[in-house]
Amino acid sequence: MSSPRAVHVLVGLITDDRGRWLVNCRPQGAPLAGWWEFPGGKRRPGEAPLEALRRELAEELGIAVLDAERALELVHDYPDKRVALDVWRVLRYGGEIAARERQELKWVTAGECRELKLLEADWPIVERLAAWERSSVISRSRG
């Protein structure tokens with residue numbers, strides 16, 4: 001039996017000035033349309049992780065990542081693929097967040113994520129956010 005193909009995905013965790021996290025809904029026509037996720041996307045061959053995160057967030061949200069730190073790495077197996085999530089906390093960004101791919105955007109707390117139809121691979125991220133919220137580690141992302 002062959003192993004599922006691996007996909008390296010960069011995820012950006014962005015907070016607002018109220019300590020909520022940005023999530024987006026996968027648009028119609030996309031795989032898993034209607035499911036919620038944290039912003040980000042696939043890393044291209046030869047692309048450095050931070051470079052990929054910057055490109056993806058510029059394409060999806062129209063922002064320039066000025067400062068970010070790696071927060072979490074995890075792997076999730078879907079029936080057809082293995083997803084390696086490289087999760088970064090965006091500490092500062094420039095520009096105004098906009099839904100550049102016509103996706104729905106929402107600011108939520110970790111607790112409010114439980115009310116969303118969130119991708120399976122993102123649940124460990126929610127647990128990390130809940131821990132941060134409990135320890136008040138959140139600071140404003142806007143730079």
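Which of the residues spanning the range 58-105 are of a type in the set (A, V, I, L, M), within 14 Å of G40 (Cα to Cα) and touching a residue at least 60 places away in the same chain (Cβ under 8 Å)? Hits for the range 58-105 are V83, A84, L85, V87, V90, I97, A99, L105.
When each of E96, E104, E112 is tested for being of a type outside the set (G, A, S) and in contact with a Cys (Cβ under 6 Å, 6 or more places away or on another chain), the lone residue that passes is E104. Of the residues making up the range 56-109, those that are among the small types (G, A, S) and outside any loop (DSSP other than H, G, I, E, B) are A58, A64, A68, A71, A84, G94. Among the residues of the range 21-53, write down those that are surrounded by 17 or more Cβ atoms within 10 Å (Cβ to Cβ), basic (K, R) and at pLDDT 95 or above. R43 - this is the single residue of the range 21-53 that is surrounded by 17 or more Cβ atoms within 10 Å (Cβ to Cβ), basic (K, R) and at pLDDT 95 or above.
Checking the stated criteria, G41 turns out to be touching a residue at least 12 places away in the same chain (Cβ under 8 Å), in contact with an Asp or Glu (Cβ under 6 Å, 6 or more places away or on another chain) and of a type outside the set (D, E).
Candidates in the range 106-126 are the residues that are loosely packed, with under 13 Cβ neighbours inside 10 Å and without any contact (Cβ under 8 Å) to a residue 24 or more places away in the chain; of these, the one that is farthest from G12 (Cα to Cα) is E115. Residues in the range 2-34 that are aliphatic (A, V, I, L, M), out of contact with any helix residue (DSSP H, G or I) (no Cβ under 6 Å at 6 or more places or on another chain) and in contact (Cβ under 8 Å) with a residue 12 or more places away in the chain: A6, V7, V9, V11, L13, I14, L22, V23, L32.
The values are calculated or read from the model by the stated rules, or taken from the named source; none is laboratory data. Here the structure is a predicted model, which is why all the values come from computation and not from measurement. Using ideal geometry, Cβ is built from the backbone for each residue, glycine included, and neighbour counts are taken over all protein chains shown.
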